[in-house]
Every structure is written in C-alpha cells, then in structure tokens.
Amino acid sequence: MARQALVRSFLWELAALRLLSPHRRVRLLRRLGLVIGERTVVEPCVHASSPRVAIGARCYIGYNAYFDAHGGITIGDDVSIGAHVRILTREHPIAPGPIRHLRRPDQDIDRPVRIGDGCWLGAGVTILPGVTIGAASVIAAGSVVTRDVRPDALYAGIPARPKRDLPPGLPVAVPPPLPA
C-alpha cells in the first residue's frame with residue numbers, strides 16, 4: 001500500500017513538470033482520476049489535492065493553478081483559468097480557546113466549487129469553498145471570491161463584488177487544439 005501511494009505521489013509530481021507536452025500531461029492527469037474534456041490545455045505546475053476534479057471541453061488551465069479538490073470541483077466547458085489561481089473546497093472551524101490556529105482534521109468541512117460554462121478567471125484569483133460561479137462570468141485578476149457569482153457578470157476585488165453586467169452571448173475564447 002505504501003508503495004502504491006509513493007508511485008501515485010510520483011505521478012502527480014511528474015504531471016506538474018514542464019518536460020511533458022500539454023497532451024501527455026492531460027493523459028497522465030486522466031490516468032490519475034481527473035475527468036478532463038477534449039481539447040483542454042493544462043499548463044505545467046498544476047496541482048490537485050484529490051482526483052475529485054471534472055474539467056469540461058476546450059478549457060485552459062494556467063501555470064501553477066492549485067485545486068484543493070477534497071470537496072469536488074466541477075469546471076464547465078470553454079473556461080479559461082489564469083496562472084496562480086487557487087480553488088479551495090476544504091475549510092475548518094476556528095478552534096475555541098486561546099490557541100485558535102489549532103485544528104482537528106476530523107472537523108474539516110468539504111464544500112464543492114462549481115464554475116459554469118464560458119467563465120474566465122484572471123491570474124491569481126482565489127475561489128473559496130462552496131462557491132458557484134455562473135456561466136459566462138469574468139473574475140478579475142487577484143480577486144477573492146467568497147460568495148456565489150451570478151451569470152454574465154464581471155466581479156473584482158477582495159472580497160469579489162459585482163462591477164457590471166456583461167452582454168449575454170459573448171464569444172468564448174477557445175484554446176488551440178493540442179498537437180497529437
């Protein structure tokens with residue numbers, strides 16, 4: 001069992017390396033249990049804490065994205081996720097008493113994150129547990145999303161707040177097809 005865990009850990013690290021082509025990286029991540037749609041591009045240094053990730057077709061996952069996927073992450077089709085984006089699904093209560101930073105893993109709370117079709121998450125965005133991002137929304141770079149995001153809207157800031165509505169039906173930027 002320990003050997004199997006070691007091999008799995010090695011494969012996760014291998015998938016993050018730059019020496020793999022995007023096509024081979026996606027194939028390896030699929031073998032590790034992630035569900036990844038056709039024509040999706042995953043850049044190097046992407047990490048997931050669990051294989052509970054489902055990524056739609058024609059998505060782009062930028063360099064150094066981090067998926068804390070204990071609660072499950074569902075990403076729709078035609079989604080663009082910038083570099084250094086963090087999607088978190090696990091939280092824990094604040095401990096009572098004088099040492100509030102102590103936590104017990106048995107008290108962790110896992111809440112899924114859902115990202116709708118056609119969304120764009122700018123570089124450095126953080127999505128907190130339990131958030132649903134409506135279809136065709138844009139989250140500005142560096143924003144921290146603490147609540148659900150309505151469809152066809154631009155959100156920005158810490159915490160992310162709606163800045164304006166976007167016209168529905170805007171064309172979605174689709175990554176180029178992967179070489180075989």
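The values are calculated or read from the model by the stated rules, or taken from the named source; none is laboratory data. Keep in mind that this is a model prediction, so the values were computed, not measured. Glycine also receives a Cβ, built like all others from the backbone with ideal geometry; neighbour counts cover every protein chain displayed.
Go through segment 43-56 and give me each residue that's surrounded by fewer than 19 Cβ atoms within 10 Å (Cβ to Cβ), small (Gly, Ala, Ser) and outside any loop (DSSP other than H, G, I, E, B).
Start the filter on segment 43-56 by keeping residues that are surrounded by fewer than 19 Cβ atoms within 10 Å (Cβ to Cβ), which leaves 43-45, 47, 49-51, 54.
Remaining after also requiring small (Gly, Ala, Ser): 49-50, 54.
Across segment 43-56, the qualifying residue is only 54.
The conditions are (1) more than 30 Å from residue 167 (Cα to Cα); (2) aliphatic (A, V, I, L, M); (3) at pLDDT 95 or above, and residue 95 fails exactly one of them. Which is it?
(3)
Which residues, taken from segment 121-135, are within 21 Å of residue 57 (Cβ to Cβ) and crowded, with 22+ Cβ neighbours inside 10 Å? Break it down into steps so the answer makes sense when it comes.
Residues of segment 121-135 that are within 21 Å of residue 57 (Cβ to Cβ), as a first pass: 121, 127, 132-135.
Of everything in segment 121-135, those that are within 21 Å of residue 57 (Cβ to Cβ) and crowded, with 22+ Cβ neighbours inside 10 Å turn out to be 121, 127, 133.
Out of all the residues in segment 140-165, which are touching a residue at least 24 places away in the same chain (Cβ under 8 Å) and loosely packed, with under 15 Cβ neighbours inside 10 Å?
The answer is 141, and nothing else.
Looking only at segment 103-162, filter to residues that are more than 27 Å from residue 92 (Cβ to Cβ) and not in a loop (DSSP other than H, G, I, E, B); which one of those is farthest from the chain's Cα centre (by Cα)?
Ranking the candidates gives 162 first.
Those residues that are in contact (Cβ under 8 Å) with a residue 12 or more places away in the chain and in a helix (DSSP H, G or I), I need them from segment 12-42; list them, please.
The answer is 12, 14, 15, 16, 22, 23, 25, 26, 28, 29, 31.
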